[in-house]
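Data first, discussion second: the structure below is written as structure tokens.
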Ligand SMILES: NC(=O)c1ccc[n+]([C@@H]2O[C@H](COP(=O)([O-])OP(=O)(O)OC[C@H]3O[C@@H](n4cnc5c(N)ncnc54)[C@H](O)[C@@H]3O)[C@@H](O)[C@H]2O)c1
């Protein structure tokens, strides 16, 4: 889709990564100036260099001082903030274990970034957004696992479910001030990181992937661009009456059971 975001400033966290960079690209393509914010500053600079109107800045969303500093820098360099895309997030790689065996430090690390971090970033970014009186948009990147749980990744599942309900709280509290909050729940998305989970060495889907894809009506993973398209819609003037919604972009995975 195309829309007019000319004059708008958007902050995308985790924008050095696959989905965040795709979202940033769609926003700049439609006229927004985009802040590429990431804990990986080198990656953020690389992404910003390839975009029409982007600034790379470092942030650790789990640190209150870091998010406050980021917002100060944005106000200094761009003078306003209209769209916040809370995209930065992590999951466990090493600890795919039952809840009773899940290491507490790994639980804390994931929840601190995925849920607390999203809250901290929102709180800091909302200050100038609300003070401006121009309204704004908050787009939270959750996951289908926040809608229907999955085994062996309990902190990620709990954090994403928390994001979904926090989105609704934000929508109720901020809507009357013109700030609309919605979430996207991506299904399985093919990125450089997940590619090796899907494919065998010969380039075909692994047998586990074949089995998994049978639960997805479209029978394939999504792309970062497909998530970015949904984010662009939620940021667009056309979504001016959409507030507090969770848009699953999952090929129909959470629509029901494929039996
Ligand atoms: N890829 C998928 O299949 C999938 C599915 C559902 C939801 N999601 C969600 O989409 C979002 C983006 O995922 P992705 O696949 O692009 O992952 P990714 O790993 O490519 O990107 C995540 C980015 O977040 C950054 N980051 C991590 N911790 C940070 C912190 N403390 N502060 C600031 N930045 C930090 C990383 O440096 C990285 O650039 C995440 O919230 C993820 O949970 C992804």
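Each value in this text was obtained by applying a stated rule to the coordinates, not by laboratory testing. Keep in mind that what you see is a predicted model, and the values were worked out from it rather than measured. Ideal geometry is used to build each Cβ from the backbone, glycine not excepted, and the neighbour counts take in all protein chains shown.
So, R0 is 35 Å and r is the distance between the beta-carbons of residue 208 and residue 245; what FRET efficiency does that work out to, to 0.05?
Between residue 208 and residue 245 the formula returns 0.60.
Who wins for biggest fluctuation among 79, 203, 238 in a Gaussian network model of the chain, springs between alpha carbons below 10 Å?
Evaluated over the chain, the most mobile residue of the options is 203.
Can you sort 111, 85, 59, 97 so the residue with the fewest Cβ neighbours within 10 Å comes first?
By the 10 Å Cβ count, ascending, the order reads 97, 111, 59, 85.
Would you calculate, for the chain, the mean residue ellipticity at 222 nm contributed by helices, counting each DSSP H stretch of 4 or more residues as -39,500 (n - 2.57) and dividing by all residues, to the nearest 500?
After summing the helix terms and dividing by residue count, I get -12500 deg cm²/dmol.
What per residue convex hull volume, in Å³, comes out for segment 52-93 when only alpha-carbon positions are used?
103
Can you tell me the mean projection area, over all orientations, of the convex hull of segment 9-247's alpha carbons? Units nm², please.
With the hull built on Cα positions only, its mean projection is 13.3 nm².
Only Cα pairs within less than 10 Å get springs; with that Gaussian network setup on the chain, which residue of 167, 92, 194 has the largest fluctuation?
Taking springs between Cα atoms under 10 Å, the residue moving most is 194.
For the chain, what is the percent of antiparallel DSSP beta bridges, rounded to the nearest 5?
5
For segment 59-192, evaluate the Debye formula with one uniform point scatterer on each Cα (no solvent term) and list log10 I(q)/I(0) at q = 0.18, 0.19 Å⁻¹, rounded to two decimals.
Result of the Debye calculation: -0.99, -1.07.
What ranking of 208, 112, 26 emerges when the number of other C-beta atoms within 10 Å of each C-beta is taken as an exposure proxy, fewest first?
208, 112, 26
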